[in-house]
Amino acid sequence: MERITVLGMGPVGASIGLALKSVGLKNTEVVGHSDHGKTSSLLKQIGAFDKIESSVREALSSAQLVVIDGPVAETRDLIQIVADHVESGAVVTDTGTSKVRTAAWAKEFLPSNVGYVGGRPIVKKAFEGIASSNADVFRGVQYCVMPTESADEQAIKTVVGMVEAIGAKPYFLDPAEHDSYSSAMDILPTVISAAFVNATTSSDSWREMYKTAGIPFDGQSQLSSDDPIDAETQCLTVSEPLVHWIDQMILSLHKIRTQLSEDSDDLVESFITAWEQRARWETGVIGKETTGPSLPSSGESMASALLGDKLARRLTNLGESGNRESWQYPRTR
């Protein structure tokens, strides 16, 4: 019987266990490792694995595929643990945000007869601990796959097979390319959240201002409640691309600052662009841009004479949802 083992348990790893179990793979045992009593109890309650082992040696015994699911701060130690117990010919993958550093650790510690293939599912649903793990969270989502020099064709097929089995779509990337994307999509939001909290709470007015902090403050500050050590480690493991994206963020903020200070008509365009780009992402139409000039209607032409072109074009299209894509803000540029 074949064995897939998940090590360093988090909600993503537990969800992988649930998803693999739901597929009903023939002659395959899905094993989870946890030496934490409360975590083990939760895993048993939700039925995430066929078996839960408290011993690393037992969990990795005869495992053909090992999935490391833990914070970046723990990944190096987990790879060393796997190296001490994994069997020849096994394949190791992970779910973390830093692939260049993890690949280097895999090269340093894993035996030469063990292949490492970086992996990470792009989950769009927030988890609230192990209990919120869900087998369906991977269906239709992109699952980044990043082979390394130590991975032969069979190792890559093993990881791709798992990805497709849980309903995800393999998305092949170079580790450095992935880290650039991840630093922008995963880590920059945490940095921005911390900067926002530090900027507001360091104000002399904070003792009174906090009384007006409601839903917007809660939403924007949410990521700053992540473990500080994990946040620092994530930043340091992708420091070079992260610095680039922080610079881009500063430029974007400065552009809006300039528009505000100059009372520019372009300020609304910054918000409309953001509104549409998020809507495009949410509706899955990235890369499906329409082309061709937009000609004004007779109604727009008449309104322009009275209101001015920019305002008229926005107001004329309000409510005409049937004439525009769902991601378009109700106005014409």
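I want to confirm something. Restricting to segment 217-241 and keeping residues that are touching a residue at least 60 places away in the same chain (Cβ under 8 Å) and charged (D, E, K, R), which single residue is farthest from Thr201 (Cα to Cα)?
Only one residue fits best here, namely Asp230.
Would you check if Ala213 is among the small types (Gly, Ala, Ser) and assigned by TED's automatic domain parsing to the domain that holds Thr102?
In short, no.
Tally up the residues in segment 99-122 that are polar (S, T, N, Q) and farther than 11 Å from Glu149 by Cβ, please.
2
Here is a yes/no grid of residues against (1) loosely packed, with under 14 Cβ neighbours inside 10 Å; (2) of a type outside the set (Gly, Ala, Ser); (3) modelled with pLDDT under 90:
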{"position": "Ile229", "(1), (2), (3)": "yes, yes, no"}
{"position": "Ser252", "(1), (2), (3)": "yes, no, no"}
{"position": "Arg257", "(1), (2), (3)": "yes, yes, no"}
{"position": "Leu306", "(1), (2), (3)": "yes, yes, yes"}
{"position": "Leu311", "(1), (2), (3)": "no, yes, yes"}
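If you take the residues in segment 67-101 that are among the polar types (S, T, N, Q) and touching a residue at least 40 places away in the same chain (Cβ under 8 Å), which one is surrounded by the most Cβ atoms within 10 Å (Cβ to Cβ)?
Ser98
Filter segment 93-135 for residues that are among the aromatic types (Phe, Trp, Tyr) and over 22 Å from Leu236 (Cβ atoms) and give the result.
Phe127 - this is the single residue of segment 93-135 that is among the aromatic types (Phe, Trp, Tyr) and over 22 Å from Leu236 (Cβ atoms).
Find all pairs meeting these conditions: Cβ atoms under 9 angstrom apart; at least six residues apart or on different chains; first residue within segment 116-134 and acidic (Asp, Glu); second residue surrounded by 16 or more Cβ atoms within 10 Å (Cβ to Cβ).
The qualifying pairs are Glu128/Pro11.
Before we move on, is Asp204 farther than 30 Å from Leu25 by Cα, among the acidic types (Asp, Glu) and assigned to a helix (DSSP H, G or I)?
It is false that Asp204 is farther than 30 Å from Leu25 by Cα, among the acidic types (Asp, Glu) and assigned to a helix (DSSP H, G or I).
Among what's in segment 110-144 and is part of a helix (DSSP H, G or I) and in contact with a Lys or Arg (Cβ under 8 Å, 6 or more places away or on another chain), pick the residue that is farthest from Ala59 (Cα to Cα). Write out each step before concluding.
At the first step, the residues of segment 110-144 found to be part of a helix (DSSP H, G or I) are 130-132, 135-138.
Then drop every residue that is not in contact with a Lys or Arg (Cβ under 8 Å, 6 or more places away or on another chain), which leaves 135, 137.
On the way: Ala135: 21, Val137: 25 Å.
Within segment 110-144, the match that is farthest from Ala59 (Cα to Cα) is Val137.
Pull up segment 149-181, narrow it to residues that are out of contact with any Phe, Trp or Tyr (no Cβ under 7 Å at 6 or more places or on another chain) and assigned to a loop (DSSP other than H, G, I, E, B), then point me to the one that is surrounded by the fewest Cβ atoms within 10 Å (Cβ to Cβ). Walk me through how you get there before you give the answer.
First, pick out the residues of segment 149-181 that are out of contact with any Phe, Trp or Tyr (no Cβ under 7 Å at 6 or more places or on another chain): 149, 152-162, 164-165, 172-181.
With assigned to a loop (DSSP other than H, G, I, E, B) added as a condition, the list becomes 149, 152, 173-174.
On the way: Glu149: 9, Asp152: 13, Leu173: 19, Asp174: 13.
Per the stated criteria, the residue is Glu149.
The values are calculated or read from the model by the stated rules, or taken from the named source; none is laboratory data. All figures in this text were calculated on a predicted structure; none of them were measured in a lab. Every residue, glycine among them, receives a Cβ derived from its backbone with ideal geometry; neighbour counts consider all protein chains shown.
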